[in-house]
Structure formats: C-alpha cells, structure tokens
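Enquirer: Dropping a structure here in structure tokens format, bear with me for questions.
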Amino acid sequence: MGETLNIPPEETPRHVAIIMDGNGRWALSRGKPRLAGHRAGTENLRRIIRASADFNVEYLTIYAFSTENWRRPPAEVQGLMHIMEDVIDRELNELNDEGVRLRHLGRLDKLAPKLRKKVRHAVELTKENNRLNLNIAFNYGGRDEIVYAVQNIIRAGVKADDVTVEMMSNYLFTAGMPDPDLIIRTSGELRTSNFLIWQSAYSEWYITPTYWPDFDREEYAKALKTFGQRDRRYGGIDEKYYE
Ligand code: FPP
C-alpha cells in the first residue's frame with residue numbers, strides 16, 4: 001500500500017463511485033483497438049483500488065458494464081466479459097489478502113454461467129473483509145435496478161402506503177450501503193448514463209476531461225481534496241442564515 005492523504009476524516013468521502021469513461025478514445029488516439037483501451041483501463045483500476053484503500057475510502061463503486069453496453073459490437077462485449085473474468089481470476093486472491101470485500105451490482109442472470117459462478121464465488125470468499133468495499137456494477141442499469149426493486153416490493157406483498165424512501169433503498173443492489181458522496185466521471189461527458197440514479201440524489205460530482213486509463217493517483221487525490229471543500233446542504237441552508 002502507498003501514501004495516505006492529509007485530509008481530515010470528516011472531509012473524506014465514505015463512498016466514491018466512478019464512471020470509467022474514455023477507454024475507447026484513449027486507444028483510438030494511440031492508433032490501438034478499443035479493447036486495448038479497456039485493458040489499459042483495467043490496469044488503472046488496480047491502481048485506483050489500491051489508492052482508495054490508502055485514502056481511507058470505505059466504498060468504491062465502479063461502472064464496468066451497463067445494461068446498455070450490450071448494444072456494442074459483439075467482439076467488444078465479449079472482450080469486456082473476458083476482462084471481468086480475468087480480473088476475478090488474476091486479482092481475487094490479492095484483493096482478498098488486502099481485505100477488499102467484493103460485491104456485484106446488477107443482474108447476474110444474463111451473464112454466462114461460468115462468469116456468474118466466478119462472481120458469486122468472489123462475493124462469498126470476500127464477505128468478511130472490511131478494509132475496502134469494492135462494488136463492481138456489471139450488467140447494471142439504474143432504471144433496471146429501480147424496476148427490480150419495485151417488482152420485489154410488490155412480490156413481498158407490501159401495501160402501497162407502506163412504501164417509503166428508506167424501504168426503496170433497502171430493495172436496491174446497494175442495500176445497507178451509504179449513498180455515494182462523490183461520483184467521478186472521466187473523459188468529460190456531462191451525463192449520468194443510468195448510473196446509481198436513485199443513490200446519487202445528493203452526490204457531489206467531479207468531472208474531468210482525462211481519459212480513464214490516464215486518471216492517476218494524483219488526480220484521484222485532487223478529486224478527493226475538491227470534495228472536502230464542497231458545501232453539502234442536502235436542500236437545506238447554512239445555519240448562519242437562520243432567522
Ligand atoms: C467506457 O469507455 C468504459 C467501459 C464501457 C468499460 C469500463 C471497463 C473497464 C475500465 C475495464 C475494467 C472492467 C472490469 C470488468 C472490472 P468507452 O469505451 O465508452 O470509451 P469511449 O467513450 O472513449 O468510447
């Protein structure tokens with residue numbers, strides 16, 4: 001593990017979520033195939049996971065494959081499936097040794113049985129770890145997550161008047177976790193892309209033109225420091241304005 005950051009704990013986001021965008025453009029700008037960008041993005045992910053533990057982030061959620069990414073060419077979809085499998089095969093033991101608890105956000109049913117099994121195994125193996133919670137959003141969509149929650153609420157026979165915000169939160173893939181404090185989006189796009197749309201109601205955003213493979217530890221530290229200077233009011237006003 002590396003150096004920590006000198007940010008007071010109350011200014012450190014407990015939960016950071018990342019839209020790792022720009023792998024394709026990173027590759028194209030170097031005359032490489034898009035999958036080379038995803039591989040470089042995977043290497044960067046290793047660095048950012050370690051930095052998250054060093055920086056005392058409790059939850060890191062990464063958007064690795066969306067419910068809309070199935071629309072990409074089959075070779076790219078297959079490539080991303082292989083990367084997910086590879087990450088589990090090659091990194092799981094080390095992540096486990098470092099105290100990372102791995103969880104999956106999204107639907108497993110559409111994934112190949114072999115990959116599904118590996119994901120379940122990784123989640124089971126790491127379930128007692130508590131140094132860093134790493135959520136991999138894979139075949140994840142925010143709207144799909146909400147539909148799935150509503151279906152399960154109805155299946156559980158909950159009466160309409162008993163549905164509350166807290167209950168909805170408890171039916172999401174992120175049940176029991178804090179909402180993301182900070183969402184980072186690389187490569188400069190200004191949209192949410194169906195990521196954590198319920199949970200991000202009061203998240204702070206950090207958007208950078210840097211492509212994901214180049215988003216390094218220094219820029220991550222900068223994003224966290226910027227977060228520490230934000231004034232979060234959750235729809236209220238500062239006490240000094242009270243009459
Ligand atoms: C967006 O860049 C990135 C993705 C859709 C995939 C992100 C995947 C990784 C970083 C690899 C790690 C993956 C796993 C499974 C742990 P883009 O392809 O949309 O880039 P572009 O907008 O420049 O085309």
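The values are calculated or read from the model by the stated rules, or taken from the named source; none is laboratory data. Because the structure is predicted, anything quoted here is derived from the model rather than measured. For neighbour counting, all protein chains shown are included, and Cβ atoms are generated from backbone atoms with ideal geometry for every residue, glycine included.
Enquirer: If you scan the stretch 194-232, which residues turn out to be polar (S, T, N, Q), in contact with a helix residue (DSSP H, G or I) (Cβ under 9 Å, 6 or more places away or on another chain) and modelled with pLDDT of 95 or more?
Expert: Asn194, Gln199, Ser200, Thr208, Thr210
Enquirer: Still on this structure, please answer the following. Just checking, which of Gly24, Gly41, Gly31, Gly79 is more than 30 Å from Phe227 (Cβ to Cβ), in a helix (DSSP H, G or I) and modelled with pLDDT of 95 or more?
Expert: Answer to the selection: Gly79.
Enquirer: Output the residues belonging to the stretch 153-170 that are outside any loop (DSSP other than H, G, I, E, B) and either under 22 Å from Ala201 (Cα atoms) or touching a residue at least 24 places away in the same chain (Cβ under 8 Å) (or both).
Expert: Ile153, Asp162, Val165, Glu166, Met167, Met168, Ser169, Asn170
Enquirer: Could you please let me know if Arg47 is touching a helix residue (DSSP H, G or I) at 6+ places or on another chain (Cβ under 8 Å), part of a helix (DSSP H, G or I) and farther than 16 Å from Ala223 by Cα?
Expert: Taking the combined requirement at face value, the residue does not satisfy it.
Enquirer: Using beta carbons and a limit of 9 Å, which pairs, at least six apart or on different chains, have the first residue in the stretch 225-239 and more than 19 Å from Asp179 (Cβ to Cβ) and touching a residue at least 24 places away in the same chain (Cβ under 8 Å) and the second one aliphatic (A, V, I, L, M) and outside any helix (DSSP H, G or I)?
Expert: As it stands, the answer is Lys225/Leu5; Lys225/Ile7, since those pairs meet every condition given.
Enquirer: Also, quick follow-up: When you check Thr186 against the structure, is it surrounded by 16 or more Cβ atoms within 10 Å (Cβ to Cβ) and within 16 Å of the ligand (Cβ to nearest atom), yes or no?
Expert: Yes: the conditions hold for Thr186.
Enquirer: Taking into account only those residues within the stretch 30-49 that are of a type in the set (A, V, I, L, M, F, W, C) and over 20 Å from Gly2 (Cα atoms), which is farthest from the ligand (Cβ to nearest atom)?
Expert: The selected residue is Ala36.
Enquirer: Okay, next question. Mind listing whichever residues of the stretch 120-152 are over 22 Å from Ser169 (Cα atoms) and not in a loop (DSSP other than H, G, I, E, B)?
Expert: Arg120, His121, Ala122, Glu124, Leu125
Enquirer: Could you tell me which of the residues Leu95, Leu115, Leu102, Leu108 is in contact (Cβ under 8 Å) with a residue 40 or more places away in the chain and under 25 Å from Ile18 (Cβ atoms)?
Expert: When all the criteria are applied, what remains is Leu95.
Residue by residue, here is whether (1) out of contact with any Ser or Thr (no Cβ under 8 Å at 6 or more places or on another chain); (2) not aliphatic (A, V, I, L, M) holds:
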site: Thr12; (1), (2): yes, yes
site: Leu28; (1), (2): yes, no
site: Gly31; (1), (2): yes, yes
site: Asn56; (1), (2): no, yes
site: Leu80; (1), (2): yes, no
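Enquirer: Still on this structure: Residues that are under 27 Å from Ala36 (Cα atoms), at pLDDT 95 or above, part of a helix (DSSP H, G or I) and more than 15 Å from the ligand (Cβ to nearest atom): does the stretch 97-119 have at least one?
Expert: yes
Enquirer: State yes or no: is Gly176 in a loop (DSSP other than H, G, I, E, B), free of Cβ contacts under 8 Å to residues at least 12 places away in the same chain and of a type outside the set (S, T, N, Q)?
Expert: So Gly176 fits the description; yes.
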